Number of protein chains: 2
Amino acid sequence: MSYTSLVEHFEQLHHLQHLGAICGWDQATMMPPGGNEARAEALGTLAVLCHRQLQDDRLPDWFAAAGEEALTPEQGVSLHEMRRAWRDANMLPADLVRARSLAGSRCEHAWRSLRPANDWAGFLPLFEEVLNLSRQAAAARADTLGLSRYDSLLEQYEPGMRGAELDRLFGGLRGWLPDLIRQVQDKQRHEQVLVPEGPFPTAQQKALGLEVMTMLGFDFNHGRLDVSVHPFCGGVSEDVRLTTRYDEQDVTQALMGIIHETGHARYEQGLPAAWCRLPVGQARSMGVHESQSLFFEMQLARHPAFLARLAPLLERHFGTQPAFAPDNLARLYTRVEPGFIRVDADEVSYPAHIMLRYEIERDLIEGRMEARELPERWDQLMRQYLGLSTQGNDRDGCLQDIHWTDGSFGYFPSYTLGAIYAAQQAAAMERQLGPLARLIEADLPAIFGWLQQHIWQEASLQDTAGLLTAATGQALDPAPFRSHLEQRYLA
Amino acid sequence: MSYTSLVEHFEQLHHLQHLGAICGWDQATMMPPGGNEARAEALGTLAVLCHRQLQDDRLPDWFAAAGEEALTPEQGVSLHEMRRAWRDANMLPADLVRARSLAGSRCEHAWRSLRPANDWAGFLPLFEEVLNLSRQAAAARADTLGLSRYDSLLEQYEPGMRGAELDRLFGGLRGWLPDLIRQVQDKQRHEQVLVPEGPFPTAQQKALGLEVMTMLGFDFNHGRLDVSVHPFCGGVSEDVRLTTRYDEQDVTQALMGIIHETGHARYEQGLPAAWCRLPVGQARSMGVHESQSLFFEMQLARHPAFLARLAPLLERHFGTQPAFAPDNLARLYTRVEPGFIRVDADEVSYPAHIMLRYEIERDLIEGRMEARELPERWDQLMRQYLGLSTQGNDRDGCLQDIHWTDGSFGYFPSYTLGAIYAAQQAAAMERQLGPLARLIEADLPAIFGWLQQHIWQEASLQDTAGLLTAATGQALDPAPFRSHLEQRYLA
Ligand SMILES: [Zn+2]
Ligand SMILES: [Zn+2]
């Protein structure tokens, strides 16, 4: 049966991707610097092999024959997702794939030392190479898909999403978000917020993090927690590798970072085991992925009921101090304060960081802007959206993110899409199961069960629109996100 | 040029092996247990791919054409080593390669918990599967190479070595070693030896280990130190991954273990960069590899002059105690006391552990013995060679080693060959550079320089016999090993 041959073929691909995921994790967490050149080459060869696996001559015939076979509905969707992966991979020549992987790996590695050194000039030539190759990739994809160049990249992370839809969504946000930020800042102006006093030793922060991950249902038999400069959730669904970074003066950031990544991790660990080695068994999209991390970080962990559960854990690990009082934690974790760093941004100003990146990457890819103009454009938009200048401070400006270093253009909108999806999911959950406050206090498993049933185990068995509609009873709608923010920050 | 095509082809293979080496290291050091099934499958797929790379249809033509091309002498040797790798890989069908890798990975993983549980019965069926597949592999190799089954496996680890030669060498050892052990025990009977009193916290032991590795020239820009149940030296030459295990009651074992693995590591780090991605740039053989670890551990680190340098380091990390006096350290580290565990064995009784394993694995592979007879045969030989019984104590008997769990039959003789090579190298070094004592006190770099020049940078550019003769001026000869033992333990 051709479908069976396809399954075997895509499982092999999955095994190769497994090796790449673990070696990529190692590169970011364990590898000594001198190992990077060899690692970059090895991962480059692997990328070519994965690409070649998807370019196998037999695939078109197998697809055609499998289309005639008697398949279950799920096998039919599985076949569709295999085709999509195949189509995606065959848009780019092997040389371009390898060159992008090598250039990305080099740029990302250099970025690790260039960012702390605020060295834009050192970064620029490496980044220009990455951008140049990404534009070539976008052009090739656009031709095949009949999309604009930027949309053709977006399609990789959020299939079905278009720049026009993002313009509409972000246009809407622009209408009310700046006002909201101002109102919240007015409201919070005279609030007393105590900042927890450190130091908070790394070992204790890690112990607390492990405890919170356990409370959130992370399965340590199928995953672990380590340290990297830029936190991520990697590995494979059977062995999920979370990372975080610790600041001994600040316990609040690493803790929320761990909770965020645990949301990603539970999605991965909750994917259906029966499908986990095939495209249909993977996470639906980056936006849906981010909806899970943001559900954990924003809907769940910044909820006053959850912070009330965190307070005694903080006290157990670091001793009692007034800043650990639940009310203060709630004020601290909902403090709105426009700042430079996206990953440190509060829930309300975060979308502004994304709108900025979206506009820039769209223009970079469409050729309406050059790499060398990046620091100036960044500074201009930061001043416009958040009233802050990054002039001469690229470390905290356009050098702050890892995404563009390896050419992941089109990814950033996923963050705000995720926030919108998550708010929609939370609203639906409350309609179906009752107030979140009660669930957090007494029945966390019910929350995870809902996500397991409606999101995790669905993997890629539906498209994003279908998944969202089936789970929440409504199509994509930013209204629940807006009322969530208004209720949490203005009520 | 066909030689150029071969170089590209074998470099690709090296990149795949890089990914396997890192993921294998991760499996032993970092991976949570639930990740093993997926890892075993991924590594199984990789093994098939590596095998396929060596079975490429174009290789025979490339080899033929390259043989006609104008090559430098070194390129000629490189071609010869490529051919050897190719010949080795084409002796076994792909199914058998994959089955061995899967069975080995499963057996090794299970062994990690079965050994501490002393569970021979649980281990047996997994081990029978590994043995069965290893016998099939030996038979296929023997047919092609025109060797006996056991010799055909030995050829993988120590090319050119034969069972007949080992019978002669080990037969010789049997003539004088038991007597020597007895004489040394008599001599040491009334010696006062103080055992250092713990606890020795793991973090401090690691700090000491890192310091000693630095003194021994380990390059931390191209390697790191971690923990695994069974210490090994893995990774790739650009990124060497050492492991050890710590016992908080005993600082002496982990320290020597680290020094041993550092010997392996410096060989890897010292391989010629120009050749490091081709077969000719790899370590010559497992026996030569072991000669470097044993040079570090036995010739160097147990030398009284080296222990005199270790003493102040021990005191700095763990405080002063009488057991850290150089004279006592020398008595402690040359104490001869036949015991159960090979890796804990002293330098003099160690070869007896190898003779035992050699006899058993030879008979297992030649079909003169079955897996189920292993515990009894082990017990019988232990009683015969070392006067100890392992009846009912398989944890400290036939379950103690990792080697057979993944089918590495034919490896064990490398340890004693390594000891013999190392003694020959040390004797030659003393003839050329003067007494080791003086070099250790004042010029460690001269020692490493000699090894770099005569062993490390030679990689596989000569065969083992040629390498040994060029370095020491003499063919394989156990005499220097015997005089080393007599001088250190009876003088
Ligand atoms: Zn995230
Ligand atoms: Zn060794």
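The values are calculated or read from the model by the stated rules, or taken from the named source; none is laboratory data. Predicted, not measured: the structure shown is a model, and the values here were computed from it. Here the Cβ positions follow ideal geometry from the backbone for every residue, glycine too, while neighbour counts run over all protein chains shown. The area values use the complete protein model at the heavy-atom level, side chains included, leaving out ligands, DNA and RNA. Shrake-Rupley method; radii C 1.70, N 1.55, O 1.52, S 1.80 Å.
Overview of results
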quantity: Rg over Rh, two decimals, the range B:209-293 (C-alpha only, Kirkwood Rh); calculated: 0.98
quantity: Chain B: relative contact order in percent, alpha carbon pairs under 8 Å with at least 6 residues between; calculated: 19 percent
quantity: Centroid-to-centroid separation of the range B:450-491 and the range B:227-300 [C-alpha atoms, Å]; calculated: 18 Å
quantity: Carbon/sulfur fraction of accessible area - the protein assembly as shown, other protein chains in place, 1.4 Å, %; calculated: 50 percent
quantity: The protein assembly as shown: antiparallel DSSP beta bridges as a percent of all, rounded to 5; calculated: 50 percent
quantity: Size of charge dipole - the range A:118-491 - debye, nearest 20, with Cβ of Lys, Arg +1 and Asp, Glu -1, no other charges; calculated: 620 debye
quantity: Distant-in-sequence amide H partners of residue B:227 (H built 1.01 Å from N, under 5 Å); calculated: B:244
quantity: Residue A:214 accessible area, 1.4 Å probe, all protein chains in place, Å² to nearest 10; calculated: 90 Å²
quantity: Label 7 Å beyond Cα on the Cβ vector: residue B:466 copy-to-copy distances, nm; calculated: 6.5
quantity: Whole-number accessible area per residue in Å² for the protein assembly as shown, which is evaluated in the context of all protein chains at 1.4 Å; calculated: 38 Å²
quantity: Calculated FRET efficiency for the pair residue A:85/residue B:98, C-beta based, R₀ 25 Å, to 0.05; calculated: 0.55
quantity: Vicinal HN-Hα couplings computed from phi for the range B:146-159 (Karplus, 6.51 cos²θ - 1.76 cosθ + 1.60; Hz; Gly/Pro x); calculated: x, 10, 5, 4, 5, 4, 5, 7, 3, 4, 5, 9, 9, x
quantity: Rg ratio (alpha-carbon, reference 2.2 N^0.38 Å) - the range A:242-339; calculated: 1.28
quantity: Mean projected area in nm² (Cα convex hull; one quarter of hull surface) for the range B:304-393; calculated: 7.8 nm²
quantity: Radius ratio Rg over Rh of the range B:2-117, counting only Cα atoms, Kirkwood formula for Rh; calculated: 1.09
quantity: Ranked order, A:144, B:244 - accessible area, probe 1.4 Å, largest first; calculated: A:144, B:244
quantity: Coil-residue GluC sites (Glu not before Pro) of the range B:358-431, DSSP, other Cβ within 10 Å capped at 15; calculated: B:370
quantity: Closest approach to the axis - chain B beta-carbon, rotation onto A, Å; calculated: B:19, 2
quantity: Hull shadow area, averaged, the range B:180-221 [alpha-carbon convex hull, nm²]; calculated: 5.4 nm²
quantity: Using alpha-carbon coordinates, inclination of helix A:251-270 to the longest axis of chain A, degrees; calculated: 40 degrees
quantity: Distance histogram in 10 Å bins (all Cα pairs of the protein assembly as shown, percent per bin); calculated: 2, 10, 18, 22, 19, 14, 10, 5, 1, 0
quantity: Extension reserve of the residue B:220-residue B:68 stretch, reckoned as 0.36 nm per residue once the Cα distance is removed; calculated: 50.5 nm
quantity: Shielding by partners, peptide A:37-50 (average Cβ within 10 angstrom, other chains); calculated: 5
quantity: Hz values of 3J(HN,Hα) by residue in the range B:111-118 - Karplus curve (6.51, -1.76, 1.60), Gly and Pro given as x; calculated: 4, 4, 9, 6, 4, x, 7, 6
quantity: Nm distances between copies for residue A:128, ranked from closest, using label points 7 Å along Cα→Cβ; calculated: 6.8
quantity: Alpha carbon convex hull of the range B:360-491, volume per residue in cubic angstrom; calculated: 168 Å³
quantity: Antiparallel DSSP beta bridges within chain A, as percent of all bridges there, nearest 5; calculated: 50 percent
quantity: Chains B and A, summed buried accessible surface - 1.4 Å probe, Å², nearest 100; calculated: 2900 Å²
quantity: Sparse-neighbourhood loop sites, trypsin sites (Lys or Arg not before Pro) in the range B:22-131 - DSSP loop, at most 16 other Cβ within 10 angstrom; calculated: B:58
quantity: Copy-to-copy label separations for residue A:197, where each label sits 7 Å from Cα toward Cβ, in nm and ascending; calculated: 4.2
quantity: Relative counts (whole %) of C-alpha pair distances in chain A, using bins that are 20 Å wide; calculated: 22, 59, 18, 0
quantity: Structure-based [θ]222 nm, chain A - -39500 (n - 2.57) summed over DSSP H runs of at least 4, per residue, nearest 500; calculated: -21000 deg cm²/dmol
quantity: Of the trypsin sites (Lys or Arg not before Pro) in the range A:316-390, those whose Cβ has at most 14 other Cβ within 10 Å and which sit in DSSP loop; calculated: A:368
quantity: Degrees between helix A:374-386 axis and first principal axis of chain A (Cα, 0 to 90, nearest 10); calculated: 40 degrees
quantity: Nearest 10 degrees, 0 to 90: helix A:36-53 Cα axis against chain A principal axis; calculated: 50 degrees
quantity: For the range B:184-192, Karplus couplings with θ = phi - 60° (6.51, -1.76, 1.60), whole Hz, Gly/Pro x; calculated: 5, 4, 4, 4, 8, 3, 9, 6, 8
quantity: Residues whose placed amide H lies under 5 Å from that of residue A:236, excluding near-sequence neighbours; calculated: A:241
quantity: Heavy-atom accessible area, 1.4 Å probe, ligands and nucleic acids excluded: residues of the range A:238-256 down by at least 10 Å² from chain alone; calculated: A:238, A:239, A:241
